[in-house]
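Notes to accompany the following structure.
Read-outs throughout are calculated quantities, based only on the coordinates presented, and are distinct from any laboratory measurement. Owing to the predicted nature of the structure, the values given are computational and were not obtained by experimental measurement. Quick reminder, even Gly has a Cβ in these numbers, built from the backbone with ideal geometry, and neighbours come from all protein chains shown.
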Amino acid sequence: MSEKGLLRWDFLADDFSLRFEIEIQASVEAIEPVVGKIMAVVDEFGCAVGHEFEVDLALREALSNAILHGCKSDPRHAVCVSVGCAKPMGILITVRDPGEGFDPTSIASPIIGENIYSSHGRGIFLINQLMDEVHFERGGTEIRMIKRGE
């Protein structure tokens, strides 16, 4: 859970001015086109005004983790992305994979000790820094990311 997540709120179904779900093949090549499509819709509806970069990068990291770790890069699996925009509350993005999950508290900080020199292991750290709230559900197979509106 994000340290920034001091104020937790949930989106209710009736609150969404925009709501959609996309299922993508577990292939890293699928990340770029799906993020482009999602961000085009997010931009059109003004879901993350002034925070587009943070949402884009957090989404890319979450999808990469789901594909590489949750699906083990097996294109026979799929990753599900749900997006909800609730003006003026903000945007909720959920990424789910069919993997075994993980314990988010067991992930070492990439800014401490020898981890600084590692060539990987920064995705969850970045997501937590970029988004206002981050919650792991379903044993780590689902990440919910919230970026609050203005």
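Computed per residue of the chain from DSSP H runs no shorter than four, each worth -39500 (n - 2.57), the mean residue ellipticity at 222 nm is -7500 deg cm²/dmol. For q values of 0.10, 0.14 Å⁻¹, compute log₁₀ I(q)/I(0) with the Debye formula on a Cα-only model of the range 13-148, without solvent. So the normalised log intensities are -0.31, -0.62.
Cysteine residues of the chain whose Cβ has no partner cysteine Cβ closer than 4.7 Å: 71, 80.
Electrostatic bookkeeping for residue 75 treats Lys and Arg as +1 and Asp and Glu as -1; over the other residues with beta carbon under 15 Å from its beta carbon, the sum is -2. Pairs of Cα atoms nearer than 8 Å and 6+ residues apart set the relative contact order; for the range 13-148 it is 28 percent. For the chain, hydrophobic long helices are taken as DSSP H runs at least 15 Å long by C-alpha position along their axis with mean Kyte-Doolittle hydropathy of 0.5 or more; these are 31-45. Other residues whose C-beta falls under 13 angstrom from the C-beta of residue 28 contribute a net charge of -2, scoring Lys and Arg +1 and Asp and Glu -1.
Take 104-117, 60-73 and order them by the average number of nearby Cβ atoms within 10 Å per residue, most first; the result is 60-73, 104-117.
At full extension, residue 23 and residue 64 could sit 13.4 nm farther apart than now, given 0.36 nm per residue minus the alpha carbon distance.
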